[in-house]
1. Test of understanding: among L104, L74, which residue is in a loop (DSSP other than H, G, I, E, B) and more than 16 Å from the chain's Cα centre (by Cα)?
2. Is it fair to say V29 is among the β-branched types (V, I, T), under 23 Å from L6 (Cα atoms) and out of contact with any strand residue (DSSP E or B) (no Cβ under 9 Å at 6 or more places or on another chain)?
3. Restricting attention to the stretch 62-113, and to residues there that are of a type in the set (S, T, Y) and surrounded by fewer than 16 Cβ atoms within 10 Å (Cβ to Cβ), which single residue is nearest to T23 (Cα to Cα)?
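No lab work stands behind these numbers, since they all come straight from the coordinates. Quantities reported herein were computed from a predicted structural model and do not represent experimental measurements. Cβ coordinates were reconstructed from backbone atoms using ideal geometry, including for glycine residues, and neighbour counts include every protein chain displayed.
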Amino acid sequence: MSSILLIWNLVYTSVSIMANHTTPYHRDVNGWQQWLDMLIMVGHYLPLDFIIPTINLQFRYNPRTIIAMPGSALEHGVGYADGNRACIAYYMQQNVHQSVGIPLCTSPHMSNLQL
């Protein structure tokens, strides 16, 4: 896997494409709470909501919507909608970092900024 790092051009270690399916409420178990997953919606479909029940939030999940969130920290899910849609999910996996010996990042803090 280390040889792939030389040509991998994303900051994310993993990419998934989910097409035309519901996603029950879940947390992403292989992530890390400090990392933001990137979810991008494409397609033609009826109105759909992205729900984060942990903090009682609901977003309209229209085509061309991008959501960045810590998927391992916040339970989330998406219901059914008529039409053709896909979610392109970019995310990090802690086990990938560990297997190639890349240290995990620390939580951001204001004192880390160089002014």
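1. Sole residue among the options that is in a loop (DSSP other than H, G, I, E, B) and more than 16 Å from the chain's Cα centre (by Cα): L104.
2. no
3. Y80
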